[in-house]
Amino acid sequence: MQPIVVIGTGLAGYGVAREFRKHDRHTPLILITRDDGASYYKPDLSEALTKGNAPEDLVKKPAARMAEELDIEVRADSEVSDIDTGARTVTVNGEALAYTKLVLANGASQLSVPLGGDAVADVHHVNSLADYRVFRRDLNGARRVLIIGAGLIGCEFANDLANAGIAVDSVDPVDWPLQRLLPEEAGRALQSALAEQGVQWHLGDTVSSVERDGDGFRVSLSGGGEVSVDLVLSAVGLRPNTALAEAAGLRTATGVSVDRHLRSSDPQVYALGDVAEVEGQFLPFVMPLMNAARALGRTLAGEDTPVRYPVMPVTVKTPACPVIVYPPRGAAGQWQVAGEAPSLEARYVDAAGNLIGYALTGEATGKRGQYMREAPPVLG
Amino acid sequence: MRKWQCAVCGFIYDEAEGLPEEGIAPGTRWEDIPDDWTCPDCGASKDDFEMVPTD
Ligand SMILES: Cc1cc2nc3c(=O)[nH]c(=O)nc-3n(C[C@H](O)[C@H](O)[C@H](O)COP(=O)(O)OP(=O)(O)OC[C@H]3O[C@@H](n4cnc5c(N)ncnc54)[C@H](O)[C@@H]3O)c2cc1C
Ligand SMILES: [Zn+2]
């Protein structure tokens, strides 16, 4: 029997393997990954210092154990370089591998902002456990770190580093942290809470260059400032790894375009997780991919199942000021903010007064359950 | 009372505490939680939880 092939062993790849095996215990399933195939929970990366975890502590199970438990084959250290949808093969480490169905779970990559200076190659990006190992190796002994980007991942790392006693500088052209997700009052609440932990904000500013300077780096800001740090981390956003799909002629937009059955423009090829855009929605978070994995597991086993997205708030792991946000998806409306910082309830309501998004900060995050019941699902 | 842990993210459901936030009362036994319930942190299925051995 020819196998179903999955590219990727992140939460999406292992997620779909786990769900598929609940419905089909016999069809061969091969997962291919260019990393070591260890399973880990990626959100743990930005909480590890606070929780006292070393990178190795974050490994849930090595590849061999995953393969055994799920009765699948995991090909680690294997790069897929090409997809031939006509022949139904993928090229793995230069050799053709036939598939009956193919699942793209090959994730996204961290974007880089253009920077000057002789140390651009030393700027860290963290989007995998492998990246994180390198980051922690270089972090060893660091006392001051500059983070480019005050979005979700930048803020989480800022809080985690601050908790470990490391001074943090955060640089972003926005006016307040998480500006794309939060109304100003909520963003300011987070900003002050992190400032109290020692985070130095450089908002409305950008990094122009990173130069080597002894054992550390000298970072120049466009606004004229200069900061000397031991390490620079960039967290400015993600771009789905669509190159394989594009070269194969599959339809892509921000991510690989799939319908509610996670099916791409080729009916034998599916996608989920950070590489995918489901019905036009690019949601690079764990909850959406878990829901997608549950539906796709059934579909691959022969029971066509559309994905349903319930209310899926995003928890920002900044213990200095916890934030839960359920972003309105492009719909027209306005924020109504109540409470007193740091405990705020921000409701995003449409013209008819219906709640279509929300943000909770500080102690107000305790009302999570109530808001989940009131808000509409992403894809009902 | 037992505890169950999500194999994906590590979230722990403690029968003694329940999940009042989600309307699951303290003392609710694992088998009385609906099968379509999912992990509040990561969305994994109920059957992806493992019992935590009591020491
Ligand atoms: C620091 C951090 C914190 C986060 N915190 C949260 C959070 O709190 N809540 C939340 O919801 N989300 C969070 N996220 C986002 C969430 O972790 C991701 O949405 C999710 O892990 C994506 O999983 P994935 O399997 O789609 O992609 P990935 O984990 O990126 O997996 C991609 C896989 O594809 C493989 N691959 C790629 N290209 C090839 C190729 N050509 N050949 C072979 N293999 C290939 C890789 O080796 C890897 O196995 C966080 C992300 C980061 C970086
Ligand atoms: Zn979980």
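Return the residues of the stretch B:1-33 that are away from every other protein chain (no Cβ under 14 Å) and in a loop (DSSP other than H, G, I, E, B); say none if nothing qualifies.
Those that are away from every other protein chain (no Cβ under 14 Å) and in a loop (DSSP other than H, G, I, E, B): B:M1, B:R2, B:E15, B:A16, B:E17, B:P26, B:G27, B:T28, B:R29, B:I33.
Please enumerate the residues belonging to the stretch A:29-52 that are in a loop (DSSP other than H, G, I, E, B) and within 11 Å of chain B (Cβ to nearest Cβ).
Matches in the stretch A:29-52: A:Y41, A:K51.
Name every residue in the stretch A:289-320 that is closer than 30 Å to A:Q197 by Cβ and touching a strand residue (DSSP E or B) at 6+ places or on another chain (Cβ under 6 Å), in order of residue number.
Scanning the stretch A:289-320 gives A:P313, A:V314, A:T315, A:V316.
Each row is one residue, and each column tells you yes or no for (1) touching a residue at least 60 places away in the same chain (Cβ under 8 Å); (2) in the same structural domain as A:P28 (by TED's automatic domain parsing); (3) under 24 Å from A:G216 (Cβ atoms); (4) part of a strand (DSSP E or B).
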site	(1), (2), (3), (4)
A:A87	no, yes, no, no
A:T91	no, yes, no, yes
A:L97	yes, yes, no, yes
A:L102	yes, yes, no, yes
A:N127	yes, no, yes, no
A:Y132	yes, no, yes, no
A:R137	no, no, yes, no
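Please return the ranges of strands (runs of 3 or more DSSP E) entirely within the stretch A:272-380 where 1 or more residues are in contact with a helix residue (DSSP H, G or I) (Cβ under 6 Å, 6 or more places away or on another chain), surrounded by fewer than 19 Cβ atoms within 10 Å (Cβ to Cβ) and more than 14 Å from every other protein chain (Cβ to nearest Cβ).
Per the criteria, A:334-340, A:343-349, A:355-361.
Going by the conditions given, is A:E69 in contact with a strand residue (DSSP E or B) (Cβ under 8 Å, 6 or more places away or on another chain), more than 30 Å from A:F135 (Cα to Cα) and within 16 Å of ligand 2 (Cβ to nearest atom)?
It is false that A:E69 is in contact with a strand residue (DSSP E or B) (Cβ under 8 Å, 6 or more places away or on another chain), more than 30 Å from A:F135 (Cα to Cα) and within 16 Å of ligand 2 (Cβ to nearest atom).
Can you pull out the residues in the stretch B:34-55 that are within 14 Å of ligand 2 (Cβ to nearest atom), surrounded by fewer than 17 Cβ atoms within 10 Å (Cβ to Cβ) and in a loop (DSSP other than H, G, I, E, B)?
The answer is B:W37, B:V52.
Tell me which residues, restricted to the stretch A:1-15, are within 20 Å of the chain's Cα centre (by Cα) and more than 16 Å from ligand 2 (Cβ to nearest atom).
Matches in the stretch A:1-15: A:V6, A:I7, A:G8, A:T9, A:G13.
Please go through the stretch A:77-92 and give me each residue that is touching a Ser or Thr at 6+ places or on another chain (Cβ under 6 Å) and within 21 Å of A:Y14 (Cα to Cα), ordered by number.
A:S81, A:T91, A:V92
Is there any pair linking a residue in the stretch A:140-168 that is on the phi < 0 side of the Ramachandran plot to one that is part of a loop (DSSP other than H, G, I, E, B) and within 16 Å of ligand 2 (Cβ to nearest atom), with Cβ under 7 Å and at least six apart or on different chains, and which?
Final answer for the pair search is A:E156/A:K317.
Take the residues in the stretch B:32-44 that are more than 13 Å from ligand 1 (Cβ to nearest atom) and more than 10 Å from the chain's Cα centre (by Cα), then tell me which one is nearest to A:M312 (Cα to Cα).
B:D36
Going residue by residue through the stretch A:31-52, is there one that turns out to be more than 15 Å from ligand 1 (Cβ to nearest atom) and farther than 15 Å from A:L296 by Cα?
Yes, the stretch A:31-52 contains a residue that is more than 15 Å from ligand 1 (Cβ to nearest atom) and farther than 15 Å from A:L296 by Cα.
Could you go through the stretch A:241-249 and let me know if any residue there is touching a residue at least 60 places away in the same chain (Cβ under 8 Å), surrounded by fewer than 18 Cβ atoms within 10 Å (Cβ to Cβ), within 14 Å of ligand 1 (Cβ to nearest atom) and not in a helix (DSSP H, G or I).
No, because not a single residue in the stretch A:241-249 is touching a residue at least 60 places away in the same chain (Cβ under 8 Å), surrounded by fewer than 18 Cβ atoms within 10 Å (Cβ to Cβ), within 14 Å of ligand 1 (Cβ to nearest atom) and not in a helix (DSSP H, G or I).
Among the residues of the stretch A:71-81, are any closer than 25 Å to B:D41 by Cα, hydroxyl-bearing (S, T, Y) and modelled with pLDDT of 95 or more?
no
The values are calculated or read from the model by the stated rules, or taken from the named source; none is laboratory data. It should be emphasised that the depicted structure is a prediction, and the values quoted were computed from it without experimental measurement. Using ideal geometry, Cβ is built from the backbone for each residue, glycine included, and neighbour counts are taken over all protein chains shown.
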